[in-house]
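All of the numbers you see were taken from the coordinates with simple rules; none came from a lab. Fair warning: this is a prediction, and the values are worked out from it, not measured in the lab. Every residue, glycine as well, gets a Cβ built from its backbone with ideal geometry; the counts of neighbours run over all protein chains shown.
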Amino acid sequence: MAKRMTILVTGATGLQGGTVARTLLSKEVNVRVLTRFPQKAQDISALGAEVIRGDFEERDSLQKAIRGADAVFLMATHIEKGVKAEVANAESVISVCRRLGSPHIVYSSVCGANRKTGIPHFESKMRIEKFLKDNIQVYTILRPVWFMQNFESQWLLPFIQKGVLSTPILLNRKLQMIDVSDIGEFASAAILRAAEFAGQEIDLTGDEMTMDDIAWSLSEALGHEVRYRQIPEDEAEEAVGSDMSLMYRWFNTGGPGVDIEGLHKHYGITLTQFKEYLRRSVAFRKAA
């Protein structure tokens, strides 16, 4: 009988890492998660994941989590401690992986990290990508676009429920989006089909719609009118900060430009349409 793979998933108590962990657990592999707060991983533990207490800054717990793993799903975030901590945490994982025998690393970056955008949380991921490629032989880089789940966030959903979707994105500009569940499928495929995915750098998106069409789809899902309001950049910056405001500007002046049809044809993974995401979304079912 073939030995079951062991996969370390970072960020597993969050949206993206948790989705990847659940997807892998459905594929009959051993999943480990590293978290500072094991109580937050109880649902994943109940599904069969091994939970290790620790974090990126604790070398002993990090080594324990990585030792013996066949692959690592790596994600790091700037949200809590900023981009310097994001880079340092990711580099710490990569360095330990290198010392322990370089398991396959699947790194979740962001679409645009391989371009000069001037967006701080994109450029931090550019640095991580370079460090990864300089230090690890077998890697896969996934670059997802805007998450569909962002529409469930506290800075959008309460206003959508009141009938207004507000961003600085141009009315007729097509926004490319990805359902986080699709990231889980791609990460799982990259790990289980390592020979095919090794060395690949993949921009991920599942759908693209104008802001007007997004508002219309939200209206259908909620059963009441949602209109789109394009707000000035300075108003957006005041609401969400300069980093996010720069990202919106990038969307308006070019943005991701991912070939959705080509992505599906090349990898054979079905991508979620925005309307399908809305049908499945617990948050939008509750809001309706």
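Judged by the gyration tensor of its Cα atoms, with axes a ≥ b ≥ c, segment 216-288 is oblate; a/c meets the 1.5 cut and b/c is at least as large as a/b. Distant-in-sequence amide contacts of Leu175, defined by a placed amide H-H separation under 5 Å and a gap of 5 or more residues or a different chain, comprise Met209, Thr210, Met211. Dividing the summed -39500 (n - 2.57) terms of all DSSP H runs of n ≥ 4 by the residue count of the chain sets its mean residue ellipticity at 222 nm at -13000 deg cm²/dmol.
So for segment 191-288, taking the charge dipole from beta-carbon charges (+1 Lys/Arg, -1 Asp/Glu), which of Ser219, Thr253, Ala198 sits furthest toward the positive end? Sorting the options by dipole projection puts first Ser219. Taking a straight line from the alpha carbon of Lys130, these aspartates and glutamates sit under 15 Å away, with near neighbours fewer than eight places off in the same chain left out: Glu86, Glu91, Glu201.
For the set Lys64/Lys125; Lys27/Lys265; Lys133/Lys174; Lys125/Lys286; Lys162/Lys265, the pairs lying more than 28 angstrom apart at their alpha carbons are Lys133/Lys174; Lys125/Lys286; Lys162/Lys265.
How large is the dipole of segment 151-278 about the Cα centre if only Lys and Arg carry +1 and Asp and Glu carry -1, each at its Cβ, rounded to the nearest 20 debye?
Taking the Cα centre of segment 151-278 as origin, the dipole is about 160 debye.
Ignoring aspartates and glutamates fewer than eight residues from Lys40 along the same chain, the ones with Cα atoms less than 16 angstrom from its Cα are Glu50, Asp55. Per residue, the convex hull spanned by the Cα atoms of segment 138-239 measures out at 115 cubic angstrom.
Build a GNM of the chain with springs between Cα atoms under 10 Å apart, and of Ile269, Ile52, Ile178 the one that fluctuates most is Ile269.
Rank Asp182, Asp234, Asp213 by mean-square fluctuation in a GNM of the chain with C-alpha springs under 10 angstrom and give only the top-ranked residue. Top of the fluctuation ranking is Asp234. Convex hull volume per residue, computed on the Cα atoms of the chain, equals 131 Å³. If the viscosity is 1.567 mPa s and the temperature 4 °C, what translational diffusion coefficient in µm²/s does Stokes-Einstein give for segment 85-168 when Rh comes from Kirkwood over Cα pairs? It comes out at roughly 88 µm²/s.
Secondary structure note: in the chain, about 10% of the DSSP beta bridges are antiparallel. The separation of segment 252-288 from segment 116-170, counted between C-alpha centres, amounts to 14 Å.
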